[in-house]
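K.L.:
Questions regarding the structure given below will be posed in turn.
The values are calculated or read from the model by the stated rules, or taken from the named source; none is laboratory data. Because the structure is a prediction, the values reported are computed rather than measured. Cβ placement follows ideal geometry from the backbone for every residue including glycine, while neighbour counts extend to all protein chains displayed. Quick note on the areas: whole protein, heavy atoms, side chains included, nothing else; ligands and nucleic acids left out. Shrake-Rupley method; radii C 1.70, N 1.55, O 1.52, S 1.80 Å.
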Amino acid sequence: MGSIVWGIIGTFFALIGLIPFFGIMNFISIPLLVIGLLCGIIGICKKPKEKRGASIAGTIICALFLLVAGWRTFVGFSATKKMADPNNIEKLQKSTENLKDFSDSLNELSDSLNSESK
């Protein structure tokens, strides 16, 4: 029974962790799901066959969402590593400079049009 409780709590955090910018919740869900998985495995091994249903269900829930949370964490780390690449940072800086130049030229054009209309 404990594995289902751990699984439900861990699943809640894993589902929140799927939302962009909430991936940090996987650092809470993964330990909870591992505890639930261990409780489920112990329950399956220790309980008689008639009372294993809750342990089996909890083990399946924990294993499934442990894979989901692990995948989401891996994707988040990969994206962060890719964005921290120096080449990407240089491209971002160049794009920012180009946008600033474009904004300045639009402001100058707007100022000249406003001064002509007066």
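K.L.:
Rounded, prolate or oblate, given the Cα gyration tensor of the stretch 56-118, with a/c below 1.5 counting as rounded? Can you show the working numbers first?
P.N.:
Working: a/c = 13.90, a/b = 3.06, b/c = 4.54.
Here the stretch 56-118 falls in the oblate category.
K.L.:
7 Å from Cα along Cα→Cβ at both ASN87 and ASN114: what's the point-to-point distance in nm?
P.N.:
4.3 nm
K.L.:
Leaving out ligands and nucleic acids, and using a 1.4 Å probe, what accessible area per residue does the chain come to in Å²?
P.N.:
Dividing the accessible area of the chain by its residue count gives 73 Å².
K.L.:
Based on DSSP H runs of at least 4 residues, each adding -39500 (n - 2.57), what is the mean residue ellipticity at 222 nm of the chain after dividing by all its residues, to the nearest 500 deg cm²/dmol?
P.N.:
Using -39500 (n - 2.57) per qualifying helix, the result is -30000 deg cm²/dmol.
K.L.:
If you don't mind, another one. Going Cα to Cα from LYS46, which lysines come in below 28 Å? Please leave out same-chain ones fewer than 8 positions away.
P.N.:
none
K.L.:
Under 1.5 on a/c is rounded, so check that first for the chain, then, if it is not, pick prolate when a/b is larger than b/c and oblate when it is not; a ≥ b ≥ c are the square roots of the alpha carbon gyration tensor eigenvalues. Mind dumping the intermediate values first?
P.N.:
Working: a/c = 7.81, a/b = 3.64, b/c = 2.15.
It is prolate, given that a/c is not under 1.5 and a/b is the larger ratio.
K.L.:
In addition: If contacts are Cα pairs under 8 angstrom and at least 6 residues apart, what is the relative contact order of the chain in percent?
P.N.:
It rounds to 28 percent for the chain.
K.L.:
Hey, what do the phi angles of the stretch 62-74 turn into as Karplus ³J(HN,Hα) couplings, whole Hz, using 6.51/-1.76/1.60 and θ = phi - 60°, x for Gly and Pro?
P.N.:
My calculation for the stretch 62-74 gives 5, 5, 4, 6, 5, 5, 5, 5, x, 4, 5, 5, 4 Hz in order.
K.L.:
Take SER95 and LEU38, extend 7 Å from each Cα along the Cα→Cβ direction, and tell me the distance between the two endpoints in nm.
P.N.:
4.4 nm
K.L.:
Starting from the Cα of LYS91, draw a straight line to each of the lysines and keep only those under 27 Å, dropping any in the same chain fewer than 8 residues away.
P.N.:
LYS81, LYS82, LYS100
K.L.:
Ignoring ligands, DNA and RNA, what percent of the 1.4 Å accessible area of the chain is carbon and sulfur?
P.N.:
After summing per-atom areas, the C and S share lands at 72 percent.
K.L.:
Moving to a separate point now. Taking square-rooted eigenvalues a ≥ b ≥ c of the alpha carbon gyration tensor, is the stretch 1-49 rounded, prolate or oblate, where a/c under 1.5 means rounded and, failing that, a/b exceeding b/c means prolate?
P.N.:
prolate
K.L.:
While we're on this one: What size of dipole, in debye to the nearest 20, comes out for the chain about its Cα centre when the only charges are +1 on Lys and Arg C-beta atoms and -1 on Asp and Glu C-beta atoms?
P.N.:
1300 debye
K.L.:
Which one, THR80, ILE35, LEU66, is farthest towards the positive end of the dipole of the stretch 1-103 when Lys and Arg carry +1 and Asp and Glu -1 on their Cβ?
P.N.:
ILE35
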